[in-house]
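Okay, structure first, notes after.
Just so it is clear, none of the values below were taken in a lab; they were calculated from the coordinates. Predicted model, so just to flag it, every value in this text is computed and none were measured.
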């Protein structure tokens, strides 16, 4: 028969990292001005890459190509409808 002996209790250790402190809220007013002012020597100026005449020409050409595309799709649809009706072999 075995005899129970008293043992020392196990020590439970918990490991936790220390949290970084929370930064306090701003107490002074924000500085006036836009973000990033003074970083560049001068603000870039943007210009349109094409003229309005170029844009009008492009729109006209694009519309003409779309019209040709839709005309071709219409011809295909009419041909398929004629085949479905049995008018073409």
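When the helix-only estimate is applied to the chain (DSSP H runs of n ≥ 4, each -39,500 (n - 2.57), divided by the residue count), what is the mean residue ellipticity at 222 nm, nearest 500 deg cm²/dmol?
-14000 deg cm²/dmol
Quick one: helix 52-85 against the long Cα principal axis of the chain, what's the angle to the nearest 10°, folded into 0 to 90?
Between helix and principal axis, roughly 80 degrees.
How big is D, in µm² s⁻¹, for the chain by Stokes-Einstein at 4 °C and 1.567 mPa s if Rh is the Kirkwood radius over C-alpha pairs?
Working: Rh = 24.7 Å.
Answer, rounded: 53 µm²/s.
Pick from 55, 24, 66: which is most flexible by mean-square fluctuation in a GNM of the chain where alpha carbon atoms under 10 Å apart are linked?
24
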